[in-house]
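What follows is calculated from the coordinates using simple rules that are stated; it is not laboratory data. For clarity, every value in this text was computed on a predicted model and none was experimentally measured. So basically every Cβ, Gly included, is an ideal-geometry build from the backbone, and we count neighbours across all protein chains shown.
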Amino acid sequence: WVVVCVRDSIMVVNLMIPSHVSLSVVFPGCTWMWDNLTCWQPARIGEVVEVNCPELFSEFMSEEDYELGKVSRNCTEFGWSETFPHYVDACLFDEGNSSHPDMYYVSVKALYTVGYSTSLVSLTTAMVILCRFRKLHCTRNFIHMNLFVSFILRAISVFIKDGVLYAKEDSEHCFIHTVECKAVMVFFHYCVLSNYFWLFIEGLYLFTLLVETFFPERRYFYWYIIIGWGTPTVCVTIWAVLRLHFDDIGCWDMNDNAAIWWVIKGPVLASIMINFVLFIGIIIILVQKLQSPDIGGNESSIYLSVISYDACKEH
């Protein structure tokens with residue numbers, strides 16, 4: 001689309017011409033230009049054109065806080081210069097008028113802090129109960145306990161990360177690059193990965209119960225420990241080494257390098273996808289067994305109870 005400026009109005013002409021490209025008009029200077037935000041009138045070489053901020057920026061701030069700023073461009077012999085100051089600096093983000101965005105982020109932070117705190121208290125209580133009563137000690141509950149621990153560690157890592165990165169109520173955290181800060185981010189990603197892997201193990205354990213006639217639970221449990229805690233260790237270690245050598249910027253809380261970020265994101269997505277496949281497999285197996293003519297009405301409840309598997313074998 002080409003947007004043609006005629007005086008103070010804008011007329012849309014249905015021509016497929018990229019933005020920032022002006023029509024060839026014989027004019028000793030810079031021709032008009034539409035940069036997808038503002039219409040710039042023709043100017044002579046050496047002239048500075050100043051315009052008001054586009055009205056759309058007022059949508060990001062309240063009416064009483066919004067102040068109409070200005071942006072400028074120089075007309076040079078090579079064409080229009082870049083805007084100065086930038087649209088974001090002049091029209092949108094003013095530290096003196098940032099109370100509403102700040103309140104939004106403070107509210108979001110308070111909300112997830114309450115959620116993680118509630119989860120932490122509930123899971124700690126569940127862990128105490130499972131550890132206290134020996135009759136509840138079985139492979140199934142041991143897997144549950146490891147999953148609870150991963151959730152607890154994830155909540156703790158979030159609190160630690162917030163305490164380190166956002167200890168001050170300003171933007172100074174953007175420039176933190178200490179070893180302690182990076183270690184906190186490594187711990188945070190490890191806890192998140194462990195959490196997803198133990199969710200995957202929960203599904204894998206249930207699937208194995210259905211397909212294995214004789215299930216050596218204790219031997220399998222050791223492999224579950226290796227997968228649940230060992231695999232995240234390997235992934236996070238590789239990620240930390242890559243960040244240290246190829247993207248050692250800031251506190252490692254930003255993931256601008258997509259290739260390195262896939263070392264963390266890839267295993268998470270893989271665990272979710274495999275868990276979904278296991279879920280579909282479990283549903284298919286249960287439906288097939290329930291529809292089998294060899295299963296009587298009383299015996300069909302056995303396969304339904306596999307989901308909860310309430311009776312733990314005492315060790």
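Annotations for the structure displayed:
- Spin-label model, F187 to K70: label points 7 Å out along the Cα-to-beta-carbon direction sit 5.2 nm apart.
- Stretched out straight at 0.36 nm per residue, the stretch from F214 to T233 would grow longer than its current Cα-Cα span by 3.7 nm.
- Descending semi-axes in Å of region 176-226, equivalent ellipsoid built from Cα gyration tensor: 35, 10, 4
- Calculated log₁₀ intensity ratio I(q)/I(0) where the Debye formula runs over C-alpha points of region 98-304, q = 0.09 Å⁻¹: -0.49
- The stretch between I160 and I249 holds 30.0 nm of extra length on full extension. This uses 0.36 nm per residue minus the Cα-Cα distance.
- Cβ-derived FRET efficiency at R0 25 Å, A258 paired with Y112, nearest 0.05: 0.50
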